[in-house]
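**Student:** My questions will all concern the structure given below.
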Amino acid sequence: MRPPVRQQPVQQQPVQQPPPVEPPAPERPRRKPEPKTGIAGRVVGLVVVLALGAATVVLSRLEVMPSDRMPAFATEGKRGEVVTTNTFKVRVDKPLVAKKLEFKELSFSDPDVRTTSRVWLVVPAAVQAQKAPERFEGATLVSKAGKRYGTSNRIPGSFMPGGEGTSPGIAFTGIWAFEVPPEEIPGAQLWLSVSPASPELASQARIDLGLGADVVEKAVATYDLSKESS
């Protein structure tokens, strides 16, 4: 008999595990393709930019600048005649030049004397409101060269025509006094409006005073304003 065959134990081979499967990476959102700008698109963009620039220029020009304000409605006239505007009438009499002014605010008070480093130009006048009560806060003297001089604040407003208010249909008389270099008097004009500080679109009278160099040569030493109000 054959000897029994010994069976060798079978060694089990280790089972190989499959490699872990990684999850797929998330897909990135796709960008929409940008439209291609052709020549026509560029032209349209340029036109829009130019239009916006032009609009900016127009808007900037619409701003009200001091140099763009509307001038006054001026009525021209001469000394000795009645100048009629839409809101008032005015008549200017012959001016005179003085080196000193004297006046009494009250009849029993001592006279006040006003001297100046220039000369005094005294302009007698009468004003009358046309439609409503008006207050004339002074006048402006404009020299031939274009220099402007306001009425002197060293003279009480009660001496000025209409300085304390007016009523329609009633004439108010008085004087306007200016401190002016003597060389600026020949050829000067008197400009009058209800609001001399802001005469835009207001009625304004421009009166040729008809003054020459002789009025300066005939300057008086002292002029009494009180007799103008008597």
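The values are calculated or read from the model by the stated rules, or taken from the named source; none is laboratory data. From a predicted model like this one, the values you see are computed outputs, not experimental measurements. Here the Cβ is made from the backbone with ideal geometry for all residues, glycine too, and neighbour counts use every protein chain on show. Please note that ligands, DNA and RNA were not included when accessible areas were found on the heavy atoms of the full protein model with its side chains. Shrake-Rupley method; radii C 1.70, N 1.55, O 1.52, S 1.80 Å.
Residues checked against (1) open to solvent by 70 Å² or more (accessible area, probe 1.4 Å); (2) over 28 Å from the mean Cα position of the chain (by Cα):
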{"residue": "LYS131", "(1), (2)": "yes, no"}
{"residue": "GLU134", "(1), (2)": "no, no"}
{"residue": "PRO156", "(1), (2)": "no, yes"}
{"residue": "PHE159", "(1), (2)": "no, yes"}
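**Student:** Identify, please: which residue in the stretch 105-129 is farther than 24 Å from VAL82 by Cβ and β-branched (Val, Ile, Thr) and is, among those, surrounded by the most Cβ atoms within 10 Å (Cβ to Cβ)?
**Tutor:** It comes out as VAL119.
Conditions tested, residue by residue: (1) under 17 Å from PRO95 (Cα atoms); (2) in a strand (DSSP E or B); (3) in contact with a Ser or Thr (Cβ under 9 Å, 6 or more places away or on another chain).
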site	(1), (2), (3)
GLN128	no, yes, yes
LEU141	yes, yes, yes
LYS144	yes, no, no
TYR149	yes, yes, yes
PRO168	no, no, no
ALA177	yes, yes, yes
TRP191	yes, yes, yes
TYR223	yes, yes, no
